[in-house]
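The values are calculated or read from the model by the stated rules, or taken from the named source; none is laboratory data. If you're wondering where the values come from, they're calculated on a predicted model, not measured in any experiment. FYI the Cβ positions are ideal-geometry reconstructions off the backbone, even for glycines, and counts take in every protein chain you see. Accessible surface areas use protein heavy atoms only, side chains included; no ligands, DNA or RNA. Shrake-Rupley method; radii C 1.70, N 1.55, O 1.52, S 1.80 Å.
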Amino acid sequence: MRVGKCFTAILFVLLALSLAVYLPSATAAKAPKAAKAADVDPTDKLAKANAAFDVSKLSDMSGFDPSSWVSPTGDTIKIAIVASFSGPSAVNGQFYWATVSWVAHDLNKRGGILVDGKKKLIEVIKADTMGKVDQTKKITERMILQEKVHALWGCDGSHIMKVINEVANKYKVIALNASNTSDDIQNAENFGRYAFQGGFSSDQVARGLAYYYGKIRKQEKRFYILCQDYGFGHTFADGFKNGLKMFYPEAQIVGEDYHKLFLTDFAPYLAKIKASGAEVIFTGDWVPDAANLAKQSRQMGITIPFAHIWMTEANMLRDVGVEGAKNWVHVGPYHSPVPFTPGFTKLYKAWNELWKTWKAPYNSISYEHSVACVGGSWLMQTYWLFNLMERAKTTDPEKIIQLWEGDTYRQANGKVMKMRACDHKVIQDLTAEVYLPPDQQKATFTIPPFYWFKDTSYMGQMHRLPAAEVLPWMDPKLDRCKGKDGWGE
């Protein structure tokens, strides 16, 4: 599920909640030069894109603050963020709002988008699910039938996203799953033409972690699996075990446990891990479980690194400190070997400078680097959606579907996403990010101050995981995909 600090933080994100290869040098001298677009392998299937985020068109964003931003109304392009804006997972809705309102503010300052023969501004509506399935169905239908939204954007929780997609497919409205990572959302049972999964999937991340340890690092061989006891946790663990069989058959699973959600006492599990001889703890936990697990493990003197998907929340990392987070490995969808190309640097600085002026809750350090982490993936997916409307010159879902299936879009950092036509899942490179102390973070944070955080370990190395090795899972039972390879061809 979702994310974290980078905003990553995101993490309650379950799913949110709320989310290369450069070795760190020993001194803090010059930062490495950013990779050029021309360095892309011309044989790479993702080397070219039909459209791209053009940073030169980025508006003057001064004055934007998600805590006070007011959406236009009237004859607009309406998009509903269907997520938790109240209840225990409300932090996710806040992250999503910051992301989508940023894109809307930018495009509105450019004059909006030409659709259906008229330039229209973008209206963003909060659709509070409260984290409940019945409320999700009710609020989603209201968004479509009463608010007349043109697209739905979600969300925190696979159970919530499935309902969003069901309603979207019933009423023929585009639904973008920007943050939920569960693989069964687009399987044969749940697939619908109007639903698109624009982010990465848990199975991809799990296999990506196995690829990193087996094909790149080639050191640790003893892994302990500890995940939350619900669908995502088990699916994530299965992906890792399958990945080890593919990429690291000599590795060993020395223990496997699943715990209830919102657990406060991890001591019994940590005692088993300590006695197992494990060298790495593999987990899909998200905040608050991720934070409790990390802090309690360090309090018990367990220094084994975590291989994870959502242990990215900035405040949690600060709590465990430099040594506590050292050598953790995260796989995510947004980074490229050196993310700070000139174009990306402009976008990053625009976000980061404004963040310093934002009011609560958006002044949290969880938002500081959001645009450079999984929050950046959400941002680019949202720009992609509006780019499709702009190219199609309409909000007609049928024409958007026709254009989106098989489409490719280059993100601000140079990475390309491809929408697999048969099951509406995105194909993209991923990155394995190794957390290292501040003085070793300059290999990935290649602009001043040459570190992400000064009081915790964070990304010090990035390793590209080629899309061909981490293709999203394709359900063989889905008729649309029968006879096709992993690229949908």
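Overview of values
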| item | result |
| --- | --- |
| Residue satisfying condition, being in contact with a helix residue (DSSP H, G or I) (Cβ under 6 Å, 6 or more places away or on another chain), more than 23 Å from residue 465 (Cβ to Cβ) and open to solvent by less than 10 Å² (accessible area, probe 1.4 Å), within set 351, 378 | 351 |
| Subset tally (residues that are among the hydrophobic types (A, V, I, L, M, F, W, C), open to solvent by less than 20 Å² (accessible area, probe 1.4 Å) and either assigned to a loop (DSSP other than H, G, I, E, B) or more than 18 Å from residue 429 (Cβ to Cβ) (or both)) for the range 321-348 | 5 |
| Strands (runs of 3 or more DSSP E) contained entirely in the range 383-489, each with at least 1 residues that are surrounded by fewer than 23 Cβ atoms within 10 Å (Cβ to Cβ) and within 19 Å of the chain's Cα centre (by Cα) | 408-410, 416-420, 425-427, 458-465 |
| Residue among 111, 87, 93, 74 that is over 23 Å from the mean Cα position of the chain (by Cα) and either more than 19 Å from residue 383 (Cα to Cα) or part of a helix (DSSP H, G or I) (or both) | 74 |
| Filter result for residue 156 (open to solvent by less than 30 Å² (accessible area, probe 1.4 Å), within 30 Å of residue 346 (Cα to Cα) and in a loop (DSSP other than H, G, I, E, B)) | yes |
| Members of the range 58-112 that are over 28 Å from residue 286 (Cα atoms) and modelled with pLDDT under 95 | 62, 63 |
| Yes/no for residue 294 being aliphatic (A, V, I, L, M), open to solvent by 10 Å² or more (accessible area, probe 1.4 Å), at pLDDT 95 or above and not in a strand (DSSP E or B) | no |
| Failed item in (1) open to solvent by 20 Å² or more (accessible area, probe 1.4 Å); (2) part of a helix (DSSP H, G or I), with residue 317 passing the rest | (1) |
| Residues (surrounded by 20 or more Cβ atoms within 10 Å (Cβ to Cβ) and not hydrophobic (A, V, I, L, M, F, W, C)) located in the range 126-140 | 129, 131, 136, 140 |
| Pairs with Cβ under 6 Å, 6+ apart, first in the range 204-225 and more than 22 Å from residue 184 (Cα to Cα), second open to solvent by 10 Å² or more (accessible area, probe 1.4 Å) and β-branched (Val, Ile, Thr) | 222/254; 223/253; 224/254 |
| In the range 56-71, the residues that are crowded, with 16+ Cβ neighbours inside 10 Å and more than 18 Å from residue 357 (Cβ to Cβ) | 71 |
| Odd one out for residue 123 among (1) under 30 Å from residue 285 (Cβ atoms); (2) out of contact with any Leu (no Cβ under 8 Å at 6 or more places or on another chain); (3) open to solvent by 10 Å² or more (accessible area, probe 1.4 Å) | (1) |
| Filter result for the condition that a residue is on the phi > 0 side of the Ramachandran plot and among the basic types (Lys, Arg), over 148, 170 | 148 |
| Residues satisfying the stated conditions in the range 178-189, i.e. crowded, with 24+ Cβ neighbours inside 10 Å and either in a loop (DSSP other than H, G, I, E, B) or small (Gly, Ala, Ser) (or both) | 178, 179, 180, 181, 182 |
| Residue within the range 301-310 that is in a helix (DSSP H, G or I) and modelled with pLDDT under 95 present | no |
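Table: residues versus (1) of a type outside the set (S, T, N, Q); (2) modelled with pLDDT under 95; (3) within 24 Å of residue 316 (Cα to Cα).
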residue	(1), (2), (3)
211	yes, no, no
221	yes, no, no
261	yes, yes, yes
268	yes, no, yes
275	yes, no, no
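Here's the yes/no breakdown for (1) open to solvent by less than 20 Å² (accessible area, probe 1.4 Å); (2) out of contact with any strand residue (DSSP E or B) (no Cβ under 6 Å at 6 or more places or on another chain); (3) among the small types (Gly, Ala, Ser):
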residue: 170; (1), (2), (3): no, yes, no
residue: 176; (1), (2), (3): yes, no, no
residue: 191; (1), (2), (3): no, yes, no
residue: 210; (1), (2), (3): yes, yes, yes
residue: 232; (1), (2), (3): yes, yes, no
residue: 237; (1), (2), (3): yes, no, yes
